[in-house]
1. Among residues belonging to the stretch A:1-28 that are more than 14 Å from chain B (Cβ to nearest Cβ) and of a type in the set (A, V, I, L, M, F, W, C), point out the one that is farthest from B:Q45 (Cα to Cα).
2. Looking at the stretch A:61-117, which of the residues that are assigned to a loop (DSSP other than H, G, I, E, B) and of a type in the set (S, T, N, Q) is nearest to the other protein chains (Cβ to nearest Cβ)?
3. Return the residues of the stretch A:15-32 that are assigned to a strand (DSSP E or B) and modelled with pLDDT of 95 or more; say none if nothing qualifies.
4. Within the stretch A:38-58, track down each residue that is in contact (Cβ under 8 Å) with a residue 12 or more places away in the chain and surrounded by 15 or more Cβ atoms within 10 Å (Cβ to Cβ).
5. Go through (1) of a type in the set (S, T, Y); (2) within 10 Å of chain B (Cβ to nearest Cβ); (3) open to solvent by less than 70 Å² (accessible area, probe 1.4 Å) one by one and return the number of the condition A:T31 breaks.
6. Quick one: in the stretch B:36-71, which of the residues that are surrounded by fewer than 18 Cβ atoms within 10 Å (Cβ to Cβ) and β-branched (V, I, T) is nearest to the other protein chains (Cβ to nearest Cβ)?
7. Which one of B:T79, B:T101 is within 27 Å of A:V3 (Cβ to Cβ), surrounded by fewer than 21 Cβ atoms within 10 Å (Cβ to Cβ) and within 14 Å of chain A (Cβ to nearest Cβ)?
8. Which residue out of B:C12, B:C22 is under 13 Å from the mean Cα position of the chain (by Cα) and in a strand (DSSP E or B)?
Amino acid sequence: GAVVSQHPSRVICKSGTSVKIECRSLDFQATTMFWYRQFPKQSLMLMATSNEGSKATYEQGVEKDKFLINHASLTLSTLTVTSAHPEDSSFYICSVPGGQGLKGTQYFGPGTRLLVL
Amino acid sequence: DAKTTQPTSMDCAEGRAANLPCNHSTISGNEYVYWYRQIHSQGPQYIIHGLKNNETNEMASLIITEDRKSSTLILPHATLRDTAVYYCIVRVGGGGADGLTFGKGTHLIIQP
């Protein structure tokens, strides 16, 4: 399956600052990537779909101006949490769809733990 | 995507087979059954998927009932490292353009 990396693995920031999280597909190109977040003791929730060369599509209730997504290349998507607040503290995870023959599967990054003070 | 129902938690002794059930009574003909797991503080990991035939890979086996309304994931020789939350997800197989909808999953605890 695909190898997906995320950077940083964890970040602590002050309230009001912006934080950028990178998601890289290391072994194949991805025109689509997905961003999820997970609050403690809860399941993963899909936030948005990142599309290479076009705008991201956001799930209902996710503020597109707060969670900026850029899919600059076929191997890199970034999520920027703008003006972060303590309630944005969460585990952010990206995924990449499987290639031909495994289209329904997704391969996940290791996650980025964000703590906003 | 069809709704799935899984037990909240299960225990299994190390070295024994872990059998995780999933009900998906509203599954459509073109929907596959996928299993993922999430070890604490890590991203989810794909395990296996199937349409109607039983499937086996190096990680697990997937048994799907003939009417496709339920399935069982089998970890043949569970180890402590298999302790995780296991998610059963039903979705169209070619739906690579769609994100996944995760339920609450089953928290499998492997006991030494």
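The values are calculated or read from the model by the stated rules, or taken from the named source; none is laboratory data. Bear in mind the structure is a predicted one, so any value in this text is a computation, not a measurement. Note that we place each Cβ from the backbone using ideal geometry, even for glycine, and neighbour counts take in every protein chain shown. Accessible surface is based on the protein model in full, side chains and every heavy atom, while ligands, DNA and RNA are left aside. Shrake-Rupley method; radii C 1.70, N 1.55, O 1.52, S 1.80 Å.
1. Per the criteria, the residue is A:C13.
2. It comes out as A:T105.
3. A:V19, A:K20, A:I21, A:E22, A:C23, A:R24
4. Correct list: A:Q38, A:L44, A:M45, A:L46, A:M47, A:A48, A:T49, A:S50, A:N51, A:E52, A:A56.
5. Unmet for A:T31, out of (1) of a type in the set (S, T, Y); (2) within 10 Å of chain B (Cβ to nearest Cβ); (3) open to solvent by less than 70 Å² (accessible area, probe 1.4 Å): (3).
6. This residue is B:I39.
7. B:T101
8. B:C22
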